[in-house]
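The values are calculated or read from the model by the stated rules, or taken from the named source; none is laboratory data. Keep in mind that this is a model prediction, so the values were computed, not measured. Here Cβ is always computed from backbone atoms with ideal geometry, including for glycine, and neighbour counts include all displayed protein chains. Remember, those area values only see protein heavy atoms, side chains included, never the ligands or the DNA or RNA. Shrake-Rupley method; radii C 1.70, N 1.55, O 1.52, S 1.80 Å.
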Amino acid sequence: RNLRANEGAGAVSRKWIDWDADAVFIDDTGGYGAGWIDALLQLGKAPIGVPFSGVANDPRYYNKRAEMYFELVEWIQRGGQLPPRDAPGSSELMAALTTTTFTYKGDRFLLEPKELVKERLGYSPDFADALGLTFAQPVSPRHRAERRGRHRIEYDPFTGPSWEPPVAASRHQSNYDPFG
């Protein structure tokens, strides 16, 4: 909180490297994260801005915030582990996750407004929002060579060791049918 965009981007960039993260999502609700996103782009990173009030991927949810929180809850129910109780911010995270309620808008899930949660808790549920951001989009792991910062190995599947035909059918019988 209360960091200039370049300071925040520097801190995020260091964590990005330390954690070898495959992606970083930035809360871009109302454009507040735009400065951080721009500064990270200048540092050669490619953060993903997420507007909490934006459209959810899943039509069951009214907005992206509801979708992320429900994905988070499903992850916890599947065995996802939260930080230890004595970790910094853990009590605030637990309070936000256990006091935030939801309703329906039409036939879609909608979380109660953040302002109401903040009023009830006496502080902003920023830790819960940050954890929720990790469920903004599916993330595929980067190529191993990219992860280690090494040069990519040029690979051509049509060069190298020659292809050998399989053992003749008369020598090896099998009931395996790859199309069955």
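The figures follow:
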| item | result |
| --- | --- |
| Average accessible area per residue (Å²) across segment 16-133 - probe 1.4 Å, nucleic acids and ligands excluded | 60 Å² |
| Cut-off under 5 Å, modelled amide H: who pairs with residue 109 long-range | 61, 62 |
| Gained length - residue 90 relative to residue 120, 0.36 nm times residue gap less alpha-carbon distance | 9.0 nm |
| Relative contact order %, segment 88-135, counting alpha carbon pairs below 8 Å whose residues are six or more apart | 37 percent |
| Filtered trypsin sites (Lys or Arg not before Pro), segment 11-62: DSSP coil and at most 13 other beta carbons within 10 Å | 60 |
| In Å², nearest 10: area of residue 62 left accessible to a 1.4 Å probe | 80 Å² |
| Label-point gap, in nm, between residue 82 and residue 3 - each point 7 angstrom along Cα→Cβ | 2.4 nm |
| Residue-wise HN-Hα coupling along segment 78-90, computed from phi with Karplus coefficients 6.51, -1.76, 1.60 (Hz; x: Gly, Pro) | 7, x, x, 9, 8, x, x, 4, 8, 6, x, x, 5 |
| Solvent-accessible area, 1.4 Å probe, carbon plus sulfur percent, for segment 88-128 | 58 percent |
